[in-house]
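This report concerns only the one structure given below.
The values are calculated or read from the model by the stated rules, or taken from the named source; none is laboratory data. Source: prediction; values computed, not measured. All Cβ positions, glycine included, derive from the backbone under ideal geometry; neighbour counts span all protein chains shown. We work out accessible area using only protein heavy atoms, side chains counted, and drop any ligands, DNA or RNA first. Shrake-Rupley method; radii C 1.70, N 1.55, O 1.52, S 1.80 Å.
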Amino acid sequence: MRPMHRPLVLLFLAASAASAASPTAELLLELIRVDTSNPPGNENKLDQLLAAKLRPLGFEIQIFPTPVAGKTHLIARLKGDGSARPVLLASHADVVGVERDKWSVDPFAGVIKEGYIYGRGAIDFKGGVAVFAEAVMRLARNKIPLKRDVIFMVEADEEGMPYNTTWLAQSQWDQMNCEFALNEGGWIMKRPDGKVRYVSISTADKSSITLVMTAHGTSTHSSMPRPDQAIFRLAKALARLADYQTKPELTASTRQFFLTLAKTSEPPMSQYFFDLVNSKDPAAVARADREISRDVLLHAIMRNTIAPVLLNAGFRSNVIPGSAEATINIRAIPGTTPEDMIAELKRVVADPDVDIAVPRAGARGVLSEHSAPASSTGTELYRALVDNAGKVWPGAPVTPYLFQAGTDAMAWRNRGVPVYGIYPYPISNDDLSRMHGNDERVPIDSLEQGTNFVYGTLLQVAAK
Ligand SMILES: [Zn+2]
């Protein structure tokens with residue numbers, strides 16, 4: 001991007017907050033007003049809205065149906081001269097549902113309040129749809145000659161549903177193939193004073209491993225309980241897991257991430273971050289782990305996490321059941337296998353009458369998210385993200401990051417295409433905690449900064 005003079009930026013922002021918002025903010029308001037809660041999603045409504053804006057600017061539009069009526073994927077392509085392979089921006093149209101009575105505003109009205117846009121998807125990921133769309137439309141409006149195609153994708157079913165990009169890639173990989181891609185993922189976190197503390201770009205996602213723990217006992221009349229009751233046995237096994245903490249396992253990107261936090265924090269936290277990465281003293285590492293783990297996000301990205309999510313036992317009040325089951329969801333550091341986790345959990349539970357295994361095919365509530373290899377930071381796109389973050393947020397460190405959950409990046413990463421994840425707007429910890437929760441919101445001025453960041457990045461990698 002062409003760096004703007006700071007006071008001009010501030011003037012512009014003050015004006016935009018008072019009256020009409022920026023084009024990105026205006027677009028986000030429109031997107032929020034289309035309810036794409038999934039299920040059912042109704043992503044096609046959003047695709048049509050965007051296609052009507054993109055087509056007149058010269059984008060080739062394709063809309064791919066799925067077996068579900070009203071659920072489609074949009075792929076918009078701005079053609080380059082073909083001398084380099086495409087760059088792709090992946091975003092998703094669907095949002096998770098809402099607990100409407102817990103919101104202070106209508107989640108689908110697109111409300112501006114105190115410098116924020118409120119609404120479901122403001123962060124995840126309609127804000128990103130708006131930023132990516134506005135950045136690619138700016139390329140088209142400015143008639144930038146391109147050496148590579150710029151592909152903008154708006155996906156269906158990203159929020160844990162079946163007709164997602166992995167499904168689409170089975171038949172339409174040619175349309176999604178690219179040299180590298182941007183997706184949701186890392187965070188641009190603000191300090192309490194509003195300055196950007198760091199920019200984290202995800203290069204890998206944690207994987208999801210689901211296991212079923214089954215405790216066995218004697219099935220009998222509830223009037224004559226025996227010592228081997230399955231439900232008590234399961235409860236004891238769960239209690240052992242509750243008291244257990246997995247060891248920190250730092251990947252190359254999480255090491256760099258925590259060192260960035262060490263440099264951008266005040267003592268004593270700066271020392272804890274440093275100790276976690278570098279200390280040879282197990283007591284110092286354990287203390288650092290304890291202090292850092294008060295932040296649930298940081299706790300999660302440094303280790304395999306264990307969470308019981310479903311329980312199943314018994315069928316009537318006068319029968320002691322012969323077995324009791326708990327479904328355990330593990331969010332794992334890439335490279336961890338189900339077998340590794342089965343062995344670790346068996347060691348902790350230490351009861352031969354408790355089995356731990358992968359669930360039967362088609363078991364209730366099990367989502368499969370496989371691990372894909374991390375993307376290299378040695379690409380032109382990663383370099384451009386770092387350069388442009390430096391222009392928009394001078395002085396803020398940029399670090400690779402292991403995303404704490406799963407995204408649809410695996411459709412590309414599993415085929416060897418590097419994907420970099422970013423929620424392209426500075427937010428606070430408070431804003432982050434509202435994602436998938438109540439009163440989700442994004443700061444209006446962050447949307448314009450994010451658009452400049454993504455536009456500048458695209459200019460650097462795609463302009464002739
Ligand atoms: Zn998302």
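A compact table of results
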read-out: Pair list, Cβ < 6 Å and 6+ apart or interchain, from the range 64-83 residues that are more than 12 Å from Asn164 (Cα to Cα) and open to solvent by 10 Å² or more (accessible area, probe 1.4 Å) to residues that are at pLDDT 95 or above and of a type in the set (S, T, N, Q); value: Gly70/Asn42; Gly70/Asn44
read-out: Criterion (at pLDDT 95 or above, open to solvent by 50 Å² or more (accessible area, probe 1.4 Å) and of a type in the set (Gly, Ala, Ser)) met by exactly one of Ala230, Ala235; value: Ala235
read-out: Test: residue in the range 179-192 that is at pLDDT 95 or above, more than 16 Å from the ligand (Cβ to nearest atom), aromatic (Phe, Trp, Tyr) and open to solvent by less than 10 Å² (accessible area, probe 1.4 Å); value: yes
read-out: Members of the range 147-170 found to be open to solvent by 10 Å² or more (accessible area, probe 1.4 Å), touching a residue at least 12 places away in the same chain (Cβ under 8 Å) and more than 16 Å from the ligand (Cβ to nearest atom), listed by number; value: Lys147, Asp149, Trp167
read-out: Where Val285 falls short, out of the listed (1) part of a helix (DSSP H, G or I); (2) under 30 Å from Ile63 (Cβ atoms); value: (2)
read-out: Residue list for the range 199-226, restricted to those being polar (S, T, N, Q) and farther than 30 Å from Val454 by Cβ; value: Thr210, Thr214, Thr218, Ser219, Thr220, Ser222, Ser223
read-out: Criterion (touching a helix residue (DSSP H, G or I) at 6+ places or on another chain (Cβ under 8 Å) and at pLDDT 95 or above) met by exactly one of Glu344, Glu325; value: Glu325
read-out: In the range 299-336, the residues that are farther than 30 Å from Val285 by Cα and part of a strand (DSSP E or B); value: Leu310, Leu311, Asn312, Ala313, Val319, Ile320, Ser323, Ala324, Glu325, Ala326, Thr327
read-out: Near pairs, Cβ below 9 angstrom, 6+ apart or cross-chain, from the range 314-335 (more than 11 Å from Asn304 (Cβ to Cβ)) to any residue that is open to solvent by 30 Å² or more (accessible area, probe 1.4 Å) and among the aromatic types (Phe, Trp, Tyr); value: Pro321/Phe315; Ala324/Phe232
read-out: Some residue of the range 50-64 being small (Gly, Ala, Ser) and touching an Asp or Glu at 6+ places or on another chain (Cβ under 9 Å); value: no
read-out: Val277 being of a type in the set (A, V, I, L, M), in contact (Cβ under 8 Å) with a residue 40 or more places away in the chain and either farther than 21 Å from Leu241 by Cβ or open to solvent by 30 Å² or more (accessible area, probe 1.4 Å) (or both); value: no
read-out: Within the range 280-291, considering residues that are without any contact (Cβ under 8 Å) to a residue 40 or more places away in the chain and within 15 Å of Arg255 (Cα to Cα), the one farthest from the chain's Cα centre (by Cα); value: Lys280
read-out: Tally, over the range 34-63, of residues that are assigned to a loop (DSSP other than H, G, I, E, B) and open to solvent by 40 Å² or more (accessible area, probe 1.4 Å); value: 5
read-out: Criterion (open to solvent by less than 20 Å² (accessible area, probe 1.4 Å), of a type outside the set (A, V, I, L, M) and modelled with pLDDT of 95 or more) met by exactly one of Ser223, Ser253, Ser200; value: Ser200
read-out: Whichever residue in the range 92-119 is within 16 Å of the ligand (Cβ to nearest atom) and surrounded by fewer than 24 Cβ atoms within 10 Å (Cβ to Cβ) and, among such residues, is farthest from Val154 (Cα to Cα); value: Val98
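For (1) touching a residue at least 24 places away in the same chain (Cβ under 8 Å); (2) outside any helix (DSSP H, G or I); (3) open to solvent by 30 Å² or more (accessible area, probe 1.4 Å); (4) more than 26 Å from Ile306 (Cα to Cα), each residue gets a yes or a no:
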residue: Leu402; (1), (2), (3), (4): yes, yes, no, no
residue: Thr407; (1), (2), (3), (4): yes, yes, no, no
residue: Arg415; (1), (2), (3), (4): yes, yes, yes, yes
residue: Ile422; (1), (2), (3), (4): yes, yes, no, no
residue: Tyr425; (1), (2), (3), (4): yes, yes, no, yes
residue: His436; (1), (2), (3), (4): yes, yes, yes, no
residue: Asn452; (1), (2), (3), (4): yes, no, no, yes
residue: Tyr455; (1), (2), (3), (4): yes, no, no, yes
